[in-house]
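See structure below.
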Amino acid sequence: MLKRVLAALALTLVPMVGALAALPPPVHGRSVVTHHSVNVAGHDYRYTARAGTLILRNAKGHPTAKMFYIAYTLNGVRNEADRPITFAYNGGPGFASALVDFGGFGPRKIIWPHPGPGASRATAPPYRIVANPNTILPATDLVFIDAVGTGYSRIIGVGKPKDFYGIHADAATFAAFIEDYLNHFGRWDSPKFLLGESYGTTRSAVLGQLLVAKGVYLNGIILCSTVLDFPTINFGLGNDLPYELYLPSYAAVAWYHHRIHPRPASLPVLVHAVERFAAGPYAHALFEGAKLSSPTRLRIAKSLSRFTGIPVHMWIRANLRMTLPVFMRRVLGSAHATTGRYDARFSAPELQPLLPVGGASAAGATTTAIWGALTATFESYVTHRLGFRTSRVYKQDSNTVFRDWNWKYYPPIHDLDAGVGDIGYDNVAPALARAMTNDPALELMANNGYFDLATPFFATHYTLMHMGLPTRFLSHIHFEYYPTGHMLYLNPKAMPDIAAKMDHFIDEAAHG
């Protein structure tokens, strides 16, 4: 009898064991906790740093990715429901969050090289890591998140690149991470913010709408160097809008490099004057196209020359339409140098200045100055200061992610006009408008660098004023401008102002 029972039990267990063997092995996230302090405005803030991973799973519970994060939470908080929490990330797509953390807003920072004569020269190692007196930690807890395929975030288990590398997939991934984090650490009652830089602002628009639709309401979204409507920054035949929207940035860069004579004392006053010209006489002249009269063409060219320091004949030759690569090579005159795209305060020599197309990388003048410093110091910081050890190399940027990115964006069906077919869009601003109308208390902060030639500030203003937001919500949009580039924090002199304004925005949106 016992033998028959054991035999039957064995027959029952065999398929069960086989089924268990077919399941993916369990994967658990891990984290390391350390304790630190930072002095801000004469006050010591003690905080806990947690570096770790959260595991994302599909509907069947199978792991698909692990997302690396670094969270900084203030110690001694009596009621976490009153303590804001901000989820922050960089852009690319394909960039890790180290820049926005270690570069500017976290409690530790790197000492960046400064622009100036020979500005493209990076300082040599070793690089200095110091406490950040301009961290926004006093105003909010911070969670810096690496997108899948960057940093230490990786595809695992049954995950595939198409599950993460695209506008919709990426937003869904970040939404899942944020919900898991809020659950795991009990932060559902806290005031919630998103902070994104560059493509991170694109992510924030789609992510914000997705979170609000899922019932995760936000107090605020902080945009740093914004791009939501891509035709506003992409030069192309028949698209005159970028020429108008870039012109104020051209003027700001020319002002910085002393190419305007006489040089106005006030940069903001100059910028406002150029904005009026760009949206008025210049826009009208471009609209005229081939019908534009020769006298008007010459008059407009003279104004363009006055605002940029580039000779009239070059503007005439360019048909009043100077693309970004041409401007970057010409604004410095005969210096045989090109400005940076991300931060036009930096410059790099043209190795072959007679080529019709620039020989230096469009972004190289900026990245050459900072990338080596960032790469060397962040690995050391995470390993030795935060105690997170892994055999993997931290990916500051990933060409694979960028190359495989699905740029098609499909608004929710209820946001489409009747009769619109199955086409992709290249403007996610309406998603941000929908998030703001469905979450009426949501506030928006748009931070802009005057010397940013990747996401020009006038294009940001144009986009946010044309995203279909009802007039009564316009008071929820707050524009800020700083004498810096795409990475706002690369100008240490601007950081106290940036931090103070972010702190004020967070406090008002959370408790005001």
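Readers should treat all values here as calculations from the given coordinates under stated rules, not as data from a laboratory. This is a predicted model, so every value here is computed, not measured. Neighbour counts are summed over all protein chains in view; Cβ atoms, including those assigned to glycine, are modelled from backbone coordinates with ideal geometry.
Under a point spin-label approximation (7 Å from Cα along Cα-to-Cβ), what is the F473-D426 distance to one decimal in nm?
2.5
Kirkwood Rh, the stretch 159-281, all Cα pairs: how many Å?
17.6
Under a 5 Å amide H to amide H cut-off, with H placed in plane at 1.01 Å, what residues pair with R108 once short-range neighbours are removed?
For R108, the qualifying residues are N132.
Give the calculated FRET efficiency between Y217 and H35 to the nearest 0.05, with a Förster radius of 35 Å applied to their Cβ-Cβ distance. Can you show the working numbers first?
Details: r = 32 Å, r/R0 = 0.91.
Rounded to the nearest 0.05, the efficiency is 0.65.
At a 10 angstrom cut-off on C-beta neighbours, averaged per residue, how do the peptides 317-326, 182-191 rank from highest to lowest?
My ranking of the peptides, most packed first, is 317-326, 182-191.
Residue-wise, which Karplus ³J(HN,Hα) couplings in Hz belong to the stretch 380-388, taking 6.51 cos²θ - 1.76 cosθ + 1.60, θ = phi - 60°, and x for glycine or proline?
Here the 3J(HN,Hα) series is 5, 4, 5, 6, 8, 8, 9, x, 8 Hz.
Label point 7 Å out from S380 along Cα-to-Cβ: which residues of the stretch 98-112 have amide N under 12 Å?
Output list for this probe position: 110-111.
In nanometres, what is the gap between the two model label sites at V393 and R128, each 7 Å from Cα along Cα-to-Cβ?
Distance between the two pseudo-spin positions: 2.9 nm.
Between N234 and V269, 0.36 nm times their residue separation minus their Cα-Cα distance comes to what? It would help to have the intermediate numbers written out before the result.
Values: separation 35, 0.36 × 35 = 12.60 nm, distance 2.67 nm.
Answer, rounded to one decimal: 9.9 nm.
Which whole-Hz couplings ³J(HN,Hα) result when phi for each residue of the stretch 136-141 is put into the Karplus expression 6.51 cos²θ - 1.76 cosθ + 1.60, θ = phi - 60°, listed in order with x for Gly and Pro?
Using θ = phi - 60°, the values come out as 9, 4, x, 8, 7, 5 Hz.
Ratio of the stretch 205-249's C-alpha Rg to 2.2 N^0.38 Å, to two decimals?
Values: Rg = 15.2 Å, N = 45, 2.2 N^0.38 = 9.3 Å.
Cα Rg divided by the expected 2.2 N^0.38 Å: 1.62.
Take each of the peptides 308-314, 141-147, average the number of other beta-carbon atoms within 10 Å over its residues, and list them starting from the highest.
On the way: 308-314: 17.4, 141-147: 26.6.
Ranking, from highest mean packing down: 141-147, 308-314.
Ordered by packing density, taken as the mean number of other Cβ atoms within 10 Å over each peptide's residues, highest first, how do 75-83, 426-434 rank? Walk me through the intermediate numbers first.
Values: 75-83: 11.6, 426-434: 22.6.
Per-residue Cβ counts within 10 Å, averaged per peptide and sorted highest first, yield 426-434, 75-83.
Shape verdict for the stretch 217-279, please, from the Cα gyration tensor: rounded (a/c under 1.5), prolate (a/b greater than b/c) or oblate.
Oblate is the answer for the stretch 217-279, as a/c is 1.5 or above yet b/c matches or exceeds a/b.
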